[in-house]
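*Asks:* Attaching a single structure in structure tokens format; questions to follow.
Coordinate-derived values only; no laboratory data. Remember, it's a predicted structure, so these values are computed and weren't measured experimentally. Ideal geometry is used to build each Cβ from the backbone, glycine not excepted, and the neighbour counts take in all protein chains shown.
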Amino acid sequence: MFRPIVVTLAILESLFPDRLIDWGERQAFENPETAELRPWTIPMARLEGLVCAWFAIGNRWRMPIVTRTLSVCGLVALTAPRVVLRLALATAYENPDDIEVKPWVIPLTRVLGVAYIVWVVVGGDEEAALEDQ
């Protein structure tokens, strides 16, 4: 169930990272016009899309390194969303201190943390059940 959604989003991210980033900035930032991307942000977004597609298409989500990484990222996003947001902005933007995020971004970061944890706990069981049939 999750796989087609993840593959589609990953392919879109790898093909159109600049458009997705522009759209995300308009949705999440009060002042998107001030955001200055670092030179590596778009290539890294493209690589992220390709890696996610590779994991999803090859059903590599149950690899221990992947489940541990998603679990840790999910727990950190759930318990310390401001830290995750600060780190993400500092990694992707030249001027993270100038960017004003909209109020809903912190709660959404927590929701994404829960989604990662659910993906690890439930997503793999669903895939395994489908493979057993």
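*Asks:* Once amide H atoms are placed 1.01 Å from N in the peptide plane, what residues at a sequence separation of 5 or more from L37, or on another chain, have their amide H within under 5 Å of its amide H?
*Replies:* Here the answer is E94, since their amide H atoms fall under 5 Å of that of L37.
*Asks:* Rounded to the nearest 0.05, what FRET efficiency do V114 and W23 have when you use their Cβ-Cβ distance and R0 = 25 Å?
*Replies:* Using R0 = 25 Å, I get an efficiency of 0.60.
*Asks:* Using θ = phi - 60° and the Karplus curve 6.51 cos²θ - 1.76 cosθ + 1.60, what whole-Hz ³J(HN,Hα) does each residue of the stretch 103-120 get, with Gly and Pro shown as x?
*Replies:* x, 7, 5, 5, x, 5, 4, 4, 4, 5, x, 4, 4, 4, 5, 4, 4, 5
*Asks:* Find, to one decimal place in angstroms, the Kirkwood hydrodynamic radius of the stretch 7-133, where the mean of 1/r is taken over every pair of different Cα atoms and then inverted.
*Replies:* In the stretch 7-133 this quantity evaluates to 15.9 Å.
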